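K.L.:
Sharing a structure with you now.
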Protein chains: 2
Amino acid sequence: MDIAKQLSHIPLFQGLEPQYLETLARIAVKKFFKRGETVFAEGDPGIGFHIITSGRIKVYKTSPDGKEQILHIMSQGEPFGEVPVFTGQRFPAYAEAIADTNTLFMPRDDFMNLIRTEPSVALSMLSVLSMRLKRFTSLIEDLSLREVPGRLAAYLLYLSERDQGTDDINLEISKTQLASILGTIPETLSRILARMTREAIIESDDKRHVRICDRTAIEELAAGERRLA
Amino acid sequence: MDIAKQLSHIPLFQGLEPQYLETLARIAVKKFFKRGETVFAEGDPGIGFHIITSGRIKVYKTSPDGKEQILHIMSQGEPFGEVPVFTGQRFPAYAEAIADTNTLFMPRDDFMNLIRTEPSVALSMLSVLSMRLKRFTSLIEDLSLREVPGRLAAYLLYLSERDQGTDDINLEISKTQLASILGTIPETLSRILARMTREAIIESDDKRHVRICDRTAIEELAAGERRLA
DNA sequence: ACTTTCCGTTGACCTACGTCAAGGTTTCTC
DNA sequence: GAGAAACCTTGACGTAGGTCAACGGAAAGT
């Protein structure tokens, strides 16, 4: 596989001069993680970060009694594990492959050198981190200010928008994982999906699929203007 | 006042060549916000960011029914409002002065130009954003995986460490605001402080002061290994 | 100094959501 | 393709923490 060609499709490196892509290609190390394999653990030192070329990764925290909060699910083209690269500290969370995953690993020192000579990479990375801060802000808002039905509604709208506003939403993950993204547990999510189905707001027969039947109701739930019976 | 001199004390610009400091000084605009004044609102377009030279700012989200979640309290030397500078989108949260505050405002375009010529500023900014992501990660963990006593304990330890491990902690903010940082409400916080006092873990007679009496108990609470009676 | 507003505390009450348990079903694994 | 493991759902139950209300004290604006 031509690594430089793969890199040229990564948003982070859009518009980068070919010569730098070549440099990066020499730096990057291909890695593979089997489904279920840990990529890094909280507290590990970070000597570089990954870019996903195929597969899917979850980044998450756990509580002592085993509850899990997913921070991100990353897929093709997305970088992850950059925080320790720039703080010089350790990973603040866990990362695990939830499908067989290929990544390109960028060692810290080489990447820092590239940034020093090529500011557009720095600007791209600043943009990536800023987007992530924005998403975290919205996750914090969810956890602190919204109830679970509102979070679910907002998440469904988010998925719907991402797929050009379709009403047929492919979750792409298990409902257990969806619960963990929403900051709740499978039992609670299951009950809420059942209630929303009963009120004809959604249909959720299949396992990884939800169909929006009453978009207005979903929007009102997400805005906190409506409650389930 | 010599703006360049002020800028030289900002961590973000540590080690920057004097010539660039001069450039920045010409770019920067002094601003003043009275206590209670809004610096920006969620949804405002961001044409630049601020650096605090004196005072204190809270960055927060609100729910439709008025509950507030504080994301950060920023003070001297800290930058805030950078996210829209790099995403090109709007502010994801509110910012309000909680004391009379002076800032230096850095317009977006000029700052971007500086980054393009001076990569060390980009690296500093990457570090600032990464630190912030780390703190958000820990706030998300708190909200999702810990109960309020555990969050409070962790916050007290954080303040204690920041002041060289002292047992006499100066909160510097009202307890209402502390509640809003911890993702709860004043009533609940008040009850928990009372319980911790009853168990001789802390003393909290004065308004903005807490004294740690049993540090081990606090550490156990923060780790989730202990519960209040 | 006076008044109005904000802050902190406590009590009685309620509810969203987590826990525990048990069932059926789908999906890995060997 | 058989067994094991993980997933999904529903019921009964418990509780952390939010809501509403009331009151004393501090602080801020006039």
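The values are calculated or read from the model by the stated rules, or taken from the named source; none is laboratory data. Note that the coordinates shown come from a computational prediction; the quantities given were computed from them, not determined experimentally. For neighbour counting, all protein chains shown are included, and Cβ atoms are generated from backbone atoms with ideal geometry for every residue, glycine included.
K.L.:
Could you list all residues from segment B:136-181 that are of a type in the set (Asp, Glu) and in a loop (DSSP other than H, G, I, E, B)?
P.N.:
The answer is B:147, B:163, B:167, B:172.
K.L.:
Return the residue satisfying two criteria in turn: it lies in segment B:39-56 and is among the β-branched types (Val, Ile, Thr) and within 16 Å of the chain's Cα centre (by Cα), and of such residues it is farthest from residue A:138 (Cα to Cα).
P.N.:
Going through the qualifying residues, I end up with B:53.
K.L.:
Looking at segment A:46-61, which of its residues are at pLDDT below 95 and either farther than 21 Å from residue A:173 by Cα or touching a Pro at 6+ places or on another chain (Cβ under 7 Å) (or both)?
P.N.:
If the condition is that a residue be at pLDDT below 95 and either farther than 21 Å from residue A:173 by Cα or touching a Pro at 6+ places or on another chain (Cβ under 7 Å) (or both), then A:46, A:47 are the ones that fit.
K.L.:
Does residue B:191 satisfy the criteria of being in contact with an Asp or Glu (Cβ under 7 Å, 6 or more places away or on another chain), part of a helix (DSSP H, G or I) and either surrounded by fewer than 15 Cβ atoms within 10 Å (Cβ to Cβ) or modelled with pLDDT of 95 or more (or both)?
P.N.:
Considered against the rule, which asks whether it is in contact with an Asp or Glu (Cβ under 7 Å, 6 or more places away or on another chain), part of a helix (DSSP H, G or I) and either surrounded by fewer than 15 Cβ atoms within 10 Å (Cβ to Cβ) or modelled with pLDDT of 95 or more (or both), residue B:191 comes out as no.
K.L.:
Could I ask something else about it? Return the residues of segment B:57-77 that are surrounded by fewer than 21 Cβ atoms within 10 Å (Cβ to Cβ), within 9 Å of the chain's Cα centre (by Cα) and in contact (Cβ under 8 Å) with a residue 40 or more places away in the chain; say none if nothing qualifies.
P.N.:
Across segment B:57-77, the qualifying residues are B:72, B:73.
K.L.:
Considering each residue of segment B:62-116, count those that are out of contact with any Lys or Arg (no Cβ under 9 Å at 6 or more places or on another chain), within 25 Å of residue B:172 (Cα to Cα) and away from chain A (no Cβ under 14 Å), and give that number.
P.N.:
Looking only at that region, the number is 2.
K.L.:
How many residues are over 20 Å from residue B:215 (Cβ atoms) and touching a residue at least 40 places away in the same chain (Cβ under 8 Å) when one looks only at segment B:133-168?
P.N.:
4
K.L.:
Separate question: Give just the number: which of (1) without any contact (Cβ under 8 Å) to a residue 24 or more places away in the chain; (2) more than 14 Å from every other protein chain (Cβ to nearest Cβ); (3) within 12 Å of DNA strand C (Cβ to nearest atom); (4) of a type outside the set (Lys, Arg) does residue B:171 not satisfy?
P.N.:
Status for residue B:171: all satisfied but (1).
K.L.:
Only one of (1) touching a strand residue (DSSP E or B) at 6+ places or on another chain (Cβ under 9 Å); (2) basic (Lys, Arg); (3) within 14 Å of chain A (Cβ to nearest Cβ) is not met by residue B:227, so which one is it?
P.N.:
(1)
K.L.:
For segment A:31-61, name all the residues that are of a type in the set (Val, Ile, Thr) and within 14 Å of chain B (Cβ to nearest Cβ).
P.N.:
A:59
K.L.:
Would you point out the residue of segment A:87-128, among those that are surrounded by 19 or more Cβ atoms within 10 Å (Cβ to Cβ), among the hydrophobic types (A, V, I, L, M, F, W, C) and without any contact (Cβ under 8 Å) to a residue 24 or more places away in the chain, that is farthest from residue A:57 (Cα to Cα)?
P.N.:
A:115
K.L.:
Regarding residue B:87, is this residue among the β-branched types (Val, Ile, Thr) and out of contact with any helix residue (DSSP H, G or I) (no Cβ under 7 Å at 6 or more places or on another chain)?
P.N.:
Criteria not met by residue B:87.
K.L.:
Hey, another quick one. Of the conditions (1) more than 14 Å from every other protein chain (Cβ to nearest Cβ); (2) within 14 Å of DNA strand D (Cβ to nearest atom), residue B:164 satisfies every one except a single condition; which number is it?
P.N.:
The one condition residue B:164 does not meet is (2).
K.L.:
Follow-up question, since we're still on this one. Run residue A:203 past the list (1) more than 15 Å from residue A:156 (Cβ to Cβ); (2) under 26 Å from the mean Cα position of the chain (by Cα); (3) without any contact (Cβ under 8 Å) to a residue 24 or more places away in the chain and report the number of the one that doesn't hold.
P.N.:
Only one criterion in (1) more than 15 Å from residue A:156 (Cβ to Cβ); (2) under 26 Å from the mean Cα position of the chain (by Cα); (3) without any contact (Cβ under 8 Å) to a residue 24 or more places away in the chain is unmet by residue A:203, namely (1).
K.L.:
Could you pull out the residue among A:151, A:146, A:132 that is under 15 Å from the mean Cα position of the chain (by Cα), surrounded by 19 or more Cβ atoms within 10 Å (Cβ to Cβ) and under 28 Å from residue B:148 (Cβ atoms)?
P.N.:
Answer to the check: A:132.
K.L.:
How many of the residues in segment B:206-229 are within 13 Å of DNA strand C (Cβ to nearest atom) and in contact (Cβ under 8 Å) with a residue 60 or more places away in the chain?
P.N.:
2
K.L.:
From B:204, B:180, which residue is touching a strand residue (DSSP E or B) at 6+ places or on another chain (Cβ under 9 Å), closer than 25 Å to residue A:145 by Cβ and surrounded by 15 or more Cβ atoms within 10 Å (Cβ to Cβ)?
P.N.:
That would be B:180, the only listed residue that is touching a strand residue (DSSP E or B) at 6+ places or on another chain (Cβ under 9 Å), closer than 25 Å to residue A:145 by Cβ and surrounded by 15 or more Cβ atoms within 10 Å (Cβ to Cβ).
K.L.:
Against the condition touching a helix residue (DSSP H, G or I) at 6+ places or on another chain (Cβ under 8 Å), of a type in the set (A, V, I, L, M), in the same structural domain as residue A:98 (by TED's automatic domain parsing) and modelled with pLDDT of 95 or more, how does residue A:70 come out, does it pass?
P.N.:
In short, yes.
K.L.:
Still on this structure, I have one more. Condition check: in contact (Cβ under 8 Å) with a residue 24 or more places away in the chain, under 30 Å from residue B:143 (Cβ atoms) and buried (at least 18 other Cβ atoms within 10 Å of the Cβ). Does residue B:82 satisfy that?
P.N.:
Yes: the conditions hold for residue B:82.
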